[in-house]
Amino acid sequence: MSEVGKFTIHLEQEEDYAFRVKFDIKKAEDVLMDEPPPLGERNGPNASRMLAAAAANCLSASLMFCLAKEEVPDRNVQTEVTCTMVRNEKRRLRVGRMDVRITAGDELLQTKKLERCMDLFEDFCVVTASIREGIPVGVEVVNQAGEVLHKSDD
């Protein structure tokens, strides 16, 4: 693979297992990450939670981009991600799988591109496509009534 872009994020330890994450974006707020007890104080999300949030955010944005492109309606998507933690053969804790459920509002689902987007949007999500190289990620898109519009279960 050829390199297309690069970015650098800085982390500074504050105390114990708490780290302040400083992004390379001027207006982005810092994020405090921390491990849950007994290591940390859970004063912020840990790396597993950030990974799950990144996958869910990327899928949501990819779906919205495909469906709406320039005129994205506000407050039209709600996403939930469930991350299942497992132990490997050495008893080390790992992210075993993620399941993402995107609820798209009616305004967003009115597009003529709906069927085509359901086949495309996952492939354009950089984060989830990368995670899937090692972790199964199931994805489901539903309307506000909960009817399944798309489902992929890795």
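Which of rounded, prolate, oblate describes segment 50-94, given a ≥ b ≥ c as roots of the alpha-carbon gyration tensor eigenvalues and a/c under 1.5 marking rounded, otherwise prolate only if a/b is larger than b/c? Present the calculation step by step, with values, prior to reporting the outcome.
On the way: a/c = 5.19, a/b = 3.52, b/c = 1.47.
Verdict is prolate for segment 50-94.
Among Val86, Val95, Val139, determine the one that fluctuates most according to a GNM of the chain built with springs between C-alpha atoms less than 10 Å apart.
Fluctuation is largest for Val86.
Rg over Rh of the chain, using C-alpha atoms and the Kirkwood radius, what does it come to? It would help to have the intermediate numbers written out before the result.
Working: Rg = 17.5 Å, Rh = 17.4 Å.
Taking Rh as the inverse mean 1/r over Cα pairs, Rg/Rh reads 1.01.
Using only Cα atoms and rounding to the nearest 10 degrees, what angle (0 to 90) does helix 47-68 make with the longest principal axis of the chain?
Here the helix axis deviates by roughly 20 degrees.
Sort 47-59, 126-138, 24-36, 2-14 by the packing proxy (mean of other Cβ within 10 Å over each peptide's residues), most packed first.
On the way: 47-59: 18.6, 126-138: 15.7, 24-36: 12.2, 2-14: 8.0.
Listed from highest to lowest mean packing, they are 47-59, 126-138, 24-36, 2-14.
Cross-link list Lys26/Lys69; Lys27/Lys90; Lys22/Lys90; Lys27/Lys69; Lys6/Lys69: which exceed 30 angstrom alpha carbon to alpha carbon?
Working: Lys26/Lys69 25 Å; Lys27/Lys90 42 Å; Lys22/Lys90 33 Å; Lys27/Lys69 24 Å; Lys6/Lys69 25 Å.
Where the Cα-Cα span goes over 30 Å, the pairs concerned are Lys27/Lys90; Lys22/Lys90.
Computed on alpha carbon atoms, what radius of gyration and Dmax characterise segment 4-51, expressed in Å?
So, for segment 4-51, Rg and Dmax equal 11.8, 40 Å respectively.
Ignoring everything except DSSP H segments at least 4 long, calculate the 222 nm mean residue ellipticity for the chain; use -39,500 (n - 2.57) per segment, divide by total residues, nearest 500. Don't jump to the answer; show the numbers that get you there.
Details: 4 runs with 39 residues, N = 154.
When only DSSP H runs of four or more count, the value is -7500 deg cm²/dmol.
At a 10 Å Cβ-Cβ cut-off, how would you order Met98, Met85, fewest neighbours first?
Numbers: Met98 24, Met85 10.
In increasing order of surrounding Cβ atoms, one gets Met85, Met98.
To the nearest 20 debye, what charge dipole does segment 1-92 have about its Cα centre, counting +1 at the Cβ of each Lys and Arg and -1 at the Cβ of each Asp and Glu?
Numbers: 13 positive and 16 negative charges, 75 e Å.
My answer is approximately 360 debye.
Every number in this text was worked out from the coordinates using simple rules, so none of it is lab data. What you see is a predicted model, and the numbers here were worked out from it, not measured in a lab. Note that each Cβ is placed from the backbone with ideal geometry, even for glycine, and that neighbours are counted across all protein chains shown.
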